[in-house]
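This report concerns only the one structure given below.
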Amino acid sequence: MKSLRHRLPPMTGLMFFEAAARTLNFTRAAEELHVSQAAVSKQIRQLEEGLGFALFERVGRRVQLSPRGAQLHGKVSAAFNYLADAVDEVSVKRSNAVVTLAGNTAISHFWLNEVMNDFRDRNPSFAASIRTITSDHTADLFHDSVDLAVVYAAGRRIDWTGRMLFEEEIFPVASPAYIASHPLSGDGPEALLTQTLLEYERLEPNWINWSAWFAAVGIDPRRVKATEYGNNYIVLVDAAIRGRGVTLGTRYLLDGEIRSGRLARLSSLSVRPGRGYFLMRNTQRPIRAEVEQLYDWIAGYELISP
């Protein structure tokens, strides 16, 4: 059996790929890794050459994950998070001056990033480092090492307490250019069946995809024919922004994209499944002023819809 050294590509390349895939922006990845954008591009290129396939599809200055790239990113991200947790658990240098914050991919990318950017701008003297964990598997968000978690449909959890941040409301969105070239024949759900639907895989049973959404508005889900699938919501939103079709948008998560004009609601139809996003606190972790400060900031963050 081959050793891991011979089975795996260089770790540096995988680390650069994880950052670029998570942000879908080589410049932001470079800033996060404290290297140049050229260094990120070089590492990605070398990794692609070693693997024998493209990890990203490049359209002008924008990038999106290729199907194989999206598949690899899910595993690489989970593996790095697992390794980081393992090191934290055994490290003698582990410090109370770190606050660990967790969230799924969608909430982290489209909402929590803005919240945390504002927090850092307005709290430059914050006494702790903030460690962020991103995973689409709910169990990862409730890991023992996590102080705070922003979780979809949290439910009742032993040793965790929290509050709802906002209720979920889901509606179809697309780029203004797509809407202009694919006008609806009416505002009812039947009209949406003829559109190009961008679908994501339900990694958790309570996620709302197109089949569940149409069922909620009275349409037999067997009639739903999606054109493009993905297990990464960020990739599908990017595809919608670039005019490839219609995806499901969630209020607050995509408010920034709608305010910017990159996306627009396709109809007045929406579904409220009775669930939402919760801010959860791990009561088994030490009570620290830094955790309380960050909790209060996220809980009180002003929500503005377009």
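The values are calculated or read from the model by the stated rules, or taken from the named source; none is laboratory data. What you are looking at is a predicted structure, and each value in this text was computed from that prediction instead of being measured. Cβ: placed from backbone, ideal geometry, glycine included. Neighbour counts: every protein chain shown.
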### Summary
Just one listed residue, out of Ile219, Ile234, Ile179, is of a type in the set (Val, Ile, Thr) and under 28 Å from Tyr301 (Cα atoms), and it is Ile234
### Query
Which condition breaks for Asn282 when tested against (1) outside the structural domain of Thr105 (by TED's automatic domain parsing); (2) surrounded by 17 or more Cβ atoms within 10 Å (Cβ to Cβ)?
(1)
### Query
So which of Lys42, Lys2 ends up being modelled with pLDDT under 90 and surrounded by fewer than 15 Cβ atoms within 10 Å (Cβ to Cβ)?
Lys2
### Summary
Scanning segment 108-157 for residues that are in a loop (DSSP other than H, G, I, E, B) and hydrophobic (A, V, I, L, M, F, W, C), the one nearest to Gln71 (Cα to Cα) turns out to be Phe142
### Task
Please indicate, with yes or no, whether at least one residue in segment 222-242 is within 15 Å of the chain's Cα centre (by Cα) and without any contact (Cβ under 8 Å) to a residue 24 or more places away in the chain.
no
### Message
Take Val291 and tell me if it is assigned to a helix (DSSP H, G or I), modelled with pLDDT of 90 or more, out of contact with any Cys (no Cβ under 9 Å at 6 or more places or on another chain) and assigned by TED's automatic domain parsing to the domain that holds Tyr152.
### Response
yes
### Query
Quick one: in segment 64-120, which of the residues that are of a type in the set (Lys, Arg) and at pLDDT 90 or above is nearest to Pro286 (Cα to Cα)?
Arg120
### Query
Which one of the conditions (1) among the β-branched types (Val, Ile, Thr); (2) part of a helix (DSSP H, G or I); (3) touching a Phe, Trp or Tyr at 6+ places or on another chain (Cβ under 9 Å) does Val87 fail to meet, given that it meets all the rest?
(3)
### Complete set of residues in segment 28-80 that are within 16 Å of Asn231 (Cβ to Cβ) and in a loop (DSSP other than H, G, I, E, B)
Leu55, Ser66
### Message
Within segment 180-193, does at least one residue satisfy the condition of being outside the structural domain of Gln64 (by TED's automatic domain parsing), without any contact (Cβ under 8 Å) to a residue 40 or more places away in the chain and in contact with a Leu (Cβ under 8 Å, 6 or more places away or on another chain)?
### Response
no
### Task
Search segment 56-78 for residues that are within 17 Å of Val40 (Cα to Cα) and pair each with any residue that is part of a helix (DSSP H, G or I) and among the β-branched types (Val, Ile, Thr) when their beta-carbon atoms are under 8 Å apart and the residues are at least 6 apart or on different chains.
Phe56/Ile44; Gln64/Val235; Leu65/Val235
#### Entry: Within segment 11-28, tally of residues that are of a type outside the set (A, V, I, L, M, F, W, C) and under 15 Å from the mean Cα position of the chain (by Cα)
4
### Task
Check off (1) buried (at least 16 other Cβ atoms within 10 Å of the Cβ); (2) at negative phi; (3) not acidic (Asp, Glu) for Arg272 and give me the number that stays unchecked.
(1)
